[in-house]
């Protein structure tokens with residue numbers, strides 16, 4: 001990176017754009033945080049930029065080499081290299097246990113919240129929100145805040161969208177979900193979780209069904 005260019009969220013988005021990734025929020029770090037390296041001034045959350053992420057990812061060497069966990073390996077390479085270039089440290093929501101506190105970090109970002117079904121909901125991605133990594137940086141950054149979309153959502157269709165009754169306001173019954181996918185869940189497997197798809201913000205997010213089907217296949221192995 002050009003040493004004369006100050007690091008901003010806009011500059012980070014420019015660096016992430018060739019990989020169809022984007023800044024999805026973050027927070028300033030004042031003092032020391034036991035979950036982050038000493039000297040960290042900002043934690044930046046990174047996720048897929050839509051549309052375009054899935055076709056871009058499928059051109060990667062990791063996708064084409066037929067080895068396990070292509071998206072995780074790609075994320076480590078791309079985000080890890082950027083962290084090195086910026087003098088920071090990369091974190092990932094996989095590879096544990098132990099796992100890094102991505103859920104708590106997302107809630108601190110001011111752009112993601114606990115939804116009525118207790119999945120994370122993002123201000124622009126809705127229930128399709130996913131993170132490929134995070135950057136702990138030693139430079140301060142300013143982060144915009146947003147309004148929780150659920151506060152203005154009257155019908156809250158996520159609460160009644162699960163055909164198996166596995167994902168509701170009472171929580172997530174994972175065994176019941178897997179049983180449904182085994183028996184009658186083709187619509188969920190081919191296009192992604194119906195609860196996530198029901199979110200009005202999700203419906204406006206250009207995530208490809210093929211990408212959602214891949215993640216469902218990974219989940220239901």
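The values are calculated or read from the model by the stated rules, or taken from the named source; none is laboratory data. All figures in this text were calculated on a predicted structure; none of them were measured in a lab. Glycine gets a Cβ as well: all are built from the backbone with ideal geometry, and neighbour counts include every protein chain shown.
Restrict the check to the range 55-72 and report whether at least one residue is in contact with a helix residue (DSSP H, G or I) (Cβ under 7 Å, 6 or more places away or on another chain), at pLDDT 95 or above and over 21 Å from residue 211 (Cβ atoms). No, the range 55-72 has no match at all. From the list 162, 158, the lone residue that is in contact with a helix residue (DSSP H, G or I) (Cβ under 9 Å, 6 or more places away or on another chain), under 17 Å from residue 116 (Cα atoms) and assigned to a loop (DSSP other than H, G, I, E, B) is 162.
When the range 1-32 is filtered for residues that are in contact with a strand residue (DSSP E or B) (Cβ under 8 Å, 6 or more places away or on another chain) and not in a strand (DSSP E or B), the ones remaining, listed by number, are 7, 9, 12, 13, 16, 20, 29. Number of residues in the range 89-108 that are assigned to a loop (DSSP other than H, G, I, E, B), closer than 17 Å to residue 27 by Cα and out of contact with any helix residue (DSSP H, G or I) (no Cβ under 8 Å at 6 or more places or on another chain) equals 2. Is it true that some residue in the range 82-102 is closer than 29 Å to residue 168 by Cα, crowded, with 21+ Cβ neighbours inside 10 Å and in contact (Cβ under 8 Å) with a residue 60 or more places away in the chain? No, there is no match, as no residue in the range 82-102 is closer than 29 Å to residue 168 by Cα, crowded, with 21+ Cβ neighbours inside 10 Å and in contact (Cβ under 8 Å) with a residue 60 or more places away in the chain. Scanning the range 109-128 for residues that are in contact with a helix residue (DSSP H, G or I) (Cβ under 9 Å, 6 or more places away or on another chain), surrounded by fewer than 21 Cβ atoms within 10 Å (Cβ to Cβ) and at positive phi turns up nothing. For the range 199-221, the candidate set comprises residues that are outside any helix (DSSP H, G or I) and in contact (Cβ under 8 Å) with a residue 12 or more places away in the chain; within that set, the residue that is surrounded by the most Cβ atoms within 10 Å (Cβ to Cβ) is 199.
A single entry from 68, 37 fulfils the requirement of being assigned to a loop (DSSP other than H, G, I, E, B), farther than 24 Å from residue 121 by Cα and touching a strand residue (DSSP E or B) at 6+ places or on another chain (Cβ under 9 Å): 37.
Among the criteria (1) in a helix (DSSP H, G or I); (2) touching a strand residue (DSSP E or B) at 6+ places or on another chain (Cβ under 6 Å), the one residue 131 does not fulfil is (1).
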